[in-house]
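Throughout, read-outs are computed from the coordinates displayed, never taken from laboratory work. Predicted, not measured: the structure shown is a model, and the values here were computed from it. Because the Cβ atoms are built from the backbone with ideal geometry, glycine has one as well, and the counts that use them run over all protein chains shown.
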Amino acid sequence: MPKFQETTPWWSADRHLDRQPLLHLRARMKRLIRALFEAQGFIEVDTACLQVSPGNETHLHAFRTEAIGPDLSRRSYYLHTSPEFACKKLLAAGERKIFTFAPVFRNRERGKLHHPEFMMLEWYRAGASYEAVMADCDEILSIAARAANTEHFLHRGRRCAAFADVERITVEDAIRQHTGIDILSTVSDAGTNRAALAEAALAAGHNVASDETWSDIFSRLIVEIEPNLGDRVPTFLTEYPAAEAALAQLKKSDPRVAERFELFVCGVELANGFGELNEGSRQRQRLQRQMDEKEKRYGERYPIDEDFIAALDRMPVAAGCALGFDRLVMLAAGAERIEDVIWTPLSE
């Protein structure tokens, strides 16, 4: 494990020598994952970082920049928070199996698990269900462990069996087991019931502020549960309430929930996958609601990418997943901080 002080520059020869085994592991893992996808007929794509819209999730914050034309005209652009919009445009254009190792950028995020610029491994399968990309996640975990010559992922004293069968639990069951709250009783086809969830949360011993929305209360419950997920074996948390899955298809057998999952290892969120929504008008409505809430909370909103909305109506049925590659390397190596496994981390 890296032993030098965080104040020592990453480019110091001694500190680099300390980090070098982790960085070389990173390179091996990338090579092996690339080979996995290529063996299945995937095409590696490179998506532009500079976009009209960085993404439209309420709580994600982007880096804004400005393009100056030869005529000195000015236009705002953003560094993307995910390559998702670009990848889905490529599916609409006719690609069937694609993956990318994409640098992505998120403002207001820095810590042991967060870095303003990090790498997202993102992939899509046209004509597939989200079960298919869940299976991909399982294979990727095995590849990472073999590359690190380990049988366990490690983080903050926790050990997660790398080759164990992945556990699955629905959001409904996870919240009920941890808190006793029946979350889906506060959800209907028409939306969410804030009063019902607040009452249930209070009865379960949780504090609820008067200005908290249904989504706020839900997020606090999930944050309490997450550290317990993937504690012994990797865990898929599945079937998120529809209100918490703006980019996913609704589950046909129960439209209160969506085809969304997250993968947890050692209590760390590692991946987020969907059965992808491919209806432009519905997607625009969802993103507008996200931006309305963002403006209410943070006093800002990001543009909606109309090319993305138009492309969705031509996009085939598909499933996709975004996996934090740096976190995967961290867990396989047992590193303490995400910056330990990034080749050139941002200097303080």
About its Cα centre, the range 141-208 carries a charge dipole, from +1 on Lys and Arg Cβ atoms and -1 on Asp and Glu Cβ atoms, whose size in debye to the nearest 20 is 400
Euclidean distance between Cα centres, the range 277-302 to the range 139-158, Å:
37
Could you work out how far apart the two model spin labels at VAL317 and GLN288 are, taking each label as a point 7 Å from the Cα in the direction of the beta carbon, and quote it in nm?
2.9
Of SER53, SER215, SER73, how do they rank once you tally other Cβ atoms within 10 Å and put the fewest first?
SER73, SER215, SER53
Specify the residue with the greatest mean-square fluctuation among THR100, THR81, THR186, computed from a Gaussian network of the chain linking alpha-carbon atoms under 10 Å apart.
THR186
With a 10 Å Cβ neighbour count serving as the proxy for reagent exposure, in which order, fewest first, do TRP10, TRP343, TRP214 appear?
TRP343, TRP10, TRP214
Dipole of the range 234-348, Cα-centred, from +1 at each Lys and Arg C-beta and -1 at each Asp and Glu C-beta, to the nearest 20 debye?
480
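Tally Lys/Arg at +1 and Asp/Glu at -1 over every other residue whose Cβ is under 10 Å from the Cβ of THR47; what's the total? Before the final figure, lay out the partial values.
Working: positive: LYS89; negative: ASP46, GLU84, GLU122.
Around THR47, the charge tally is -2.
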About its Cα centre, how strong a charge dipole does the chain have in debye, to the nearest 20, once Lys and Arg get +1 and Asp and Glu get -1 at the Cβ?
560
Taking the number of other C-beta atoms within 10 Å as the exposure measure, put ASP165, ASP292 in order starting with the fewest.
ASP165, ASP292
Using Cα pairs closer than 8 Å and at least 6 residues apart in sequence, work out the relative contact order for the chain, in percent.
23
Scan the chain and note any complete DSSP helix (H) whose C-alpha atoms cover at least 18 Å along its axis and whose Kyte-Doolittle average is 0.5 or more.
130-148
How far apart, in nm, are two points set 7 Å out from the Cα along the Cα-to-Cβ line at SER281 and at ALA209?
3.8
Among the listed pairs LYS30/LYS97; LYS88/LYS251; LYS30/LYS88; LYS112/LYS296, which are separated by more than 24 Å between their Cα atoms?
LYS112/LYS296
Of the candidates VAL317, ALA333, GLY230, the farthest towards the positive dipole end of the range 204-348 (Lys/Arg Cβ +1, Asp/Glu Cβ -1, centred on the Cα centre) is VAL317
